[in-house]
Each structure stands twice: as structure tokens, then as C-alpha cells.
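K.L.:
Structure in C-alpha cells, see below.
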Amino acid sequence: MKRAARWLLTNLPLMVMALVLAALAWFVALDNADPTLERRFSQPITIDFTEPPEDMLIVEQSADYVQVTVRTTQSIWDSLESSDFEVRVDLQVVEVGVQELPVTVELDKQPSKIISVEPDTVIVRADSRGSRIVPIRVAIEGRPALGYIPRAQVLNPRDVTVRGPTSYVTRVVEAFAAVSIEDAREDFDQTVTVRPRDSDGNSVPNVSLTPSTVDVLIPIEPSGYHTSLAVKAVLTGVVTSGYRVTDIIIDPPTVTVFGNPDDLAELQQGFIETNPVNVDGARDDVTVRPGLSVPPKVSVVPGGEVEVRVLIAALESSVTITATPQIQGLEPGYAVTVSPDVVELILSGPLPKLESLRADEVRVVLDLFQYPLGTHQIVPEIVTPQDIVPQSLIPETVQVRISDMPTPTPQVQSTLTGTLTATTTTTPVVTDQ
């Protein structure tokens, strides 16, 4: 027993050393299989800010993301995602003013260790919640059309509530909007957005307005010395027979006149006539500046010249004609039979052109190019003068039979030769003696 104890005491250091070496060899082998590394995570990680106390607001903060350096094994690193990190800043402890708060980072994967966080603190500026009521002011830009005046604006609502950090809310003195009534001839009635402004006319950030819009009504009324009248064109003469007036375009359609209110009151018809526009014998559009027939003591505002354009077009009609189909594209050595040999055409167009249309101006063409021997139903091509439109072809198709040209027999050929010889004559040449 003493010998065993003595042996154990003698060899204990060697046994401990062997155990340590074995453990070290195991750790080295394990590290070689799954080595430990220290790296910065490639993606920035979003900071999760907790809610501040109910009576506090965060005005600004120095950072929204952090970069994290991690020590872990290769296998853990290969599986890391940004959602594995929990990055938090506790805002429950904020007070009014500027303060520096620590960033806490946790990684829910082991073995791992957070080596560094950049930045490891966030500077925040907090303020108490505030609110106040301020008036709405709407600035009117531009002027109504000549002869009109704006009346007092009507706003609904007339004020708004401003909410936000107290230091910003106290800067707001009004909710402002601008509207334009340039050249307006009727009431301005719109809903516009308002924005917070300080005493210097600058916009104030970090606040909200309730409501954020205002209904603006600005009545626009004629002045007592001006009035707007529709323009009526007066035509004289008659256009050429077979033509008609299709439209009358007046630019501008209304004009503003001015004068004494009593004189303007006499214009009860609500329109003003042009001087006569002569369209006698016209075949084309007529464009003139005829001037206006203005009553005494009433004048047209400067720049109130009117242009009248009278659109004239020929009357449309239709006509039915007969035509013989014309053959083209037939190769030599072929004969052709057409059935029917006469077709009917219904044409439409301006009446004067239809009345003067000649038969040789309309062609019904059968193009037989590349058609083989045999019988074919062909849709003819219709050629007409400009502005004449084919409406219908009766029948719609024509039957065409293409065959070889028959070879004349010797007897027929001799007869033809004799006929040609018999009918050949010599015309004497007469000269002056």
C-alpha cells in the first residue's frame, strides 16, 4: 500500500501533464475543425429605441445604426444574420435636454462574444410634449381678370392646433397657405394645405397641425364698370352652291367691356355682335378680324380684338356609275374571260366633285399578275380622284378565267394574211411642182 501511494505521488505530475496535453490536443483538433475568428459583421444593424415617457418626445438622435465586431466560431459566423442581434437604447430614462445613452447589444448564438460596438453610445435630444392653437392666414396672390374684383375671404376652420416638442411648438405663430386668383372670373373655392411658420416667415419642423388643411372661399364678382359678354358672329352673303358652313369659331369667345354702370345695364341681351363677316361665294374657310359692334359710351378693354373663323365644306352626296373592269398584269400568251364584264360602283364625296366627275376618272382594275391558269374570284382595285370614296361594288368580286391563247390553224392564218394583203393600200406622196 505504501509502495502504491509512493508510486502515485511520484508519477502524479506526469499524469497531470499528460491530462493537460491530451486536453490541449483535443482543443487544438477542435479549433482546427471549427476555428475561432474575430470579425466585424458586414451589415449595419438597426438600433431599437424604446418608447420614451408619455410626456417626452425625442427631437433628434446621433445614430440609427451600429457596426458590431464579434468573436465566434466559423460555423456560427457563417450562419449569422442581422436579425440575430438585438441592439437597444433605453429611452425611458431621458430628461429634457441632451444626454448620452449607452447602446446594448446581445447575440443569441453561442459560443460568441461581442468585442466592440461602434458607436457604443447615442446622443439624443429630448423635449417635453407641447401644444397650442394658432390662427390660419391665407395669402392671396395675383389679380382676377380685368373687370372682376375679389371679396373678403372665408376660411373654415380659422385656426389649428400645433403639437410637438415644446421648444418647436412655441416658435409657431401661424398656419400659412398661399393661393392664386390670377385671371379668375369666378369664385375661388378650394381646400389647401397649411404649414407652420414662425414670426420670420420660416417653416417650423418637428410639429404637426390638426387639421392640416383649410377650406378657402374667395368670392370673385364683376366690378360695376366692367362686364363680360359673349361674342356673336354676324355673317352676310351665301356660300357657293354645293357648300355649307360647318362651324364658326370665335377667339376669344367672350370679351370684357367697360363703361358707366347705367350704360352697361342696357346690354341686357348678354352678348355683343361682330361687324358683318362676308362669306358670299366662299368655297374655303374664311378667317377675319371683323371688329365688334359696340354700343355708344361702351368700350372694349384693350387687347379685346376678336378673330372669327368660318369653316366651310362641300356638301356630301353619292352617285352610282357603271364601269368595265380593266385588265393588267396578264402575261403574254394567255387569254382571259371576265364575268360580269360590267360592274356598278357607288361613290360618295363632295357634291361639286361628284357632279363634275367623268367616267374616265374612275377605274376598276383587275391585277392578274402571278395568277395561274384557271378560274378565280378576284376583288377589283378601285381607283378614284381625290376626295371621292368608293362605298360599294356590285358584285364585290369578279370571276376571271385565264386560259392559253389558241394557236391559229394554217387555213385561218392564210385567210388572215389574205385579208391583210387585200386591205393594204399605198398612199401616194404628193409634192409641190
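The values are calculated or read from the model by the stated rules, or taken from the named source; none is laboratory data. Fair warning: this is a prediction, and the values are worked out from it, not measured in the lab. Backbone-built Cβ (ideal geometry, glycine too); neighbour counts: all protein chains shown.
K.L.:
Evaluate the following for Thr256: is it among the hydroxyl-bearing types (Ser, Thr, Tyr), in contact with a strand residue (DSSP E or B) (Cβ under 9 Å, 6 or more places away or on another chain) and in contact (Cβ under 8 Å) with a residue 24 or more places away in the chain?
P.N.:
When the stated conditions are applied, Thr256 passes them.
K.L.:
If you go through the range 42-65 one residue at a time, how many are part of a strand (DSSP E or B) and without any contact (Cβ under 8 Å) to a residue 24 or more places away in the chain? First the steps, then the outcome.
P.N.:
Our first condition is that a residue be part of a strand (DSSP E or B); within the range 42-65, this holds for 45-46, 48-49, 56-61, 65.
The next check asks that each one be without any contact (Cβ under 8 Å) to a residue 24 or more places away in the chain; those that pass are 65.
Of the residues in the range 42-65, 1 are part of a strand (DSSP E or B) and without any contact (Cβ under 8 Å) to a residue 24 or more places away in the chain.
K.L.:
Residue by residue through the range 234-264, note down the ones that are of a type in the set (Gly, Ala, Ser) and modelled with pLDDT of 90 or more. So that I can check it myself, show each step before the final result.
P.N.:
First, pick out the residues of the range 234-264 that are of a type in the set (Gly, Ala, Ser): 237, 241-242, 259.
Once the filter is applied, which keeps residues that are of a type in the set (Gly, Ala, Ser) and modelled with pLDDT of 90 or more, the range 234-264 yields only Gly237.
K.L.:
I'm checking my understanding of the structure. Among residues of the range 173-203 that are without any contact (Cβ under 8 Å) to a residue 40 or more places away in the chain and not in a strand (DSSP E or B), which one is surrounded by the fewest Cβ atoms within 10 Å (Cβ to Cβ)?
P.N.:
Asp200
K.L.:
Keeping to the range 204-214, report how many residues are part of a loop (DSSP other than H, G, I, E, B) and closer than 17 Å to Val59 by Cα.
P.N.:
Looking only at the range 204-214, we keep the residues that are part of a loop (DSSP other than H, G, I, E, B), and these are 204-207, 211-212.
Now drop any that are not closer than 17 Å to Val59 by Cα, which leaves 204-207.
Residues in the range 204-214 being part of a loop (DSSP other than H, G, I, E, B) and closer than 17 Å to Val59 by Cα: 4 in total.
K.L.:
Moving on to the next point. Under 7 Å by Cβ, and 6 or more places apart or on different chains, what pairs join a residue from the range 82-108 that is in contact (Cβ under 8 Å) with a residue 12 or more places away in the chain with one that is basic (Lys, Arg) and surrounded by 13 or more Cβ atoms within 10 Å (Cβ to Cβ)?
P.N.:
Cβ pairs passing all conditions: Asp84/Lys109; Val98/Arg125; Thr104/Arg88.
K.L.:
Residue check, Pro144 against (1) surrounded by fewer than 19 Cβ atoms within 10 Å (Cβ to Cβ); (2) in contact with an Asp or Glu (Cβ under 8 Å, 6 or more places away or on another chain); (3) under 30 Å from Val255 (Cα atoms), all met but one. Which one?
P.N.:
(1)
K.L.:
Something else about it: Among the residues of the range 249-298 satisfying the criterion of being of a type in the set (Asp, Glu) and in a helix (DSSP H, G or I), which is nearest to Ala314 (Cα to Cα)? First the steps, then the outcome.
P.N.:
Taking the range 249-298 first, the residues of a type in the set (Asp, Glu) are 251, 262-263, 266, 273, 280, 284-285.
Filter again for in a helix (DSSP H, G or I), leaving 262-263.
Details: Asp262: 47, Asp263: 44 Å.
Among residues in the range 249-298 that are of a type in the set (Asp, Glu) and in a helix (DSSP H, G or I), the one nearest to Ala314 (Cα to Cα) is Asp263.
K.L.:
Considering Val20, Val70, Val98, which residue is more than 30 Å from Gly130 (Cα to Cα), surrounded by 11 or more Cβ atoms within 10 Å (Cβ to Cβ) and either modelled with pLDDT under 90 or of a type outside the set (Ser, Thr, Tyr) (or both)? Lay out the reasoning, then the answer.
P.N.:
Numbers: Val20 fails: surrounded by 11 or more Cβ atoms within 10 Å (Cβ to Cβ); Val98 fails: more than 30 Å from Gly130 (Cα to Cα).
Just one listed residue meets the conditions, Val70.
K.L.:
Please indicate, with yes or no, whether at least one residue in the range 299-309 is under 30 Å from Gly281 (Cα atoms), touching a Pro at 6+ places or on another chain (Cβ under 6 Å) and of a type in the set (D, E, K, R).
P.N.:
Within the range 299-309, not a single residue is under 30 Å from Gly281 (Cα atoms), touching a Pro at 6+ places or on another chain (Cβ under 6 Å) and of a type in the set (D, E, K, R).
K.L.:
Mind checking which pairs have a first residue in the range 112-123 that is under 16 Å from Asp90 (Cα atoms) and a second that is of a type in the set (D, E, K, R) and not in a loop (DSSP other than H, G, I, E, B), Cβ under 8 Å, 6 or more apart or different chains?
P.N.:
Thr121/Glu100; Val122/Glu100; Ile123/Glu100
K.L.:
Ok, one more. Tell me yes or no: at least one residue of the range 199-220 is over 15 Å from Val173 (Cα atoms) and touching a Phe, Trp or Tyr at 6+ places or on another chain (Cβ under 6 Å).
P.N.:
Looking through the range 199-220, at least one residue is over 15 Å from Val173 (Cα atoms) and touching a Phe, Trp or Tyr at 6+ places or on another chain (Cβ under 6 Å).
K.L.:
From the set of residues in the range 75-95 that are over 49 Å from the mean Cα position of the chain (by Cα) and surrounded by fewer than 15 Cβ atoms within 10 Å (Cβ to Cβ), which is nearest to Pro165 (Cα to Cα)?
P.N.:
Going through the range 75-95, the residues over 49 Å from the mean Cα position of the chain (by Cα) turn out to be 75-77, 92-95.
Those left that are additionally surrounded by fewer than 15 Cβ atoms within 10 Å (Cβ to Cβ): 75, 92-93, 95.
Details: Ser75: 48, Gln92: 17, Val93: 17, Glu95: 13 Å.
Only one residue tops the list, namely Glu95.
K.L.:
For the range 344-384, what are the residues that are surrounded by 14 or more Cβ atoms within 10 Å (Cβ to Cβ) and under 22 Å from Thr240 (Cα atoms)?
P.N.:
Listed by number, the residues that qualify are Ser348, Gly349, Pro350, Leu351, Pro352, Lys353, Leu354, Leu357.
K.L.:
Considering each residue of the range 301-333, count those that are part of a strand (DSSP E or B), hydroxyl-bearing (Ser, Thr, Tyr) and exposed (fewer than 15 other Cβ atoms within 10 Å of the Cβ), and give that number.
P.N.:
Restricting attention to the range 301-333, the residues satisfying the condition of being part of a strand (DSSP E or B) are 307-314, 316-323, 326-328.
If we keep only those that are hydroxyl-bearing (Ser, Thr, Tyr) as well, we get 317-318, 320, 322.
Those left that are additionally exposed (fewer than 15 other Cβ atoms within 10 Å of the Cβ): 318, 320, 322.
Qualifying residue count, the range 301-333: 3.
K.L.:
Okay, next question. Need the failing condition index for Leu354 against (1) at pLDDT 85 or above; (2) touching a Phe, Trp or Tyr at 6+ places or on another chain (Cβ under 9 Å); (3) over 30 Å from Ser228 (Cα atoms), just the number.
P.N.:
For Leu354, the failing item is (2).
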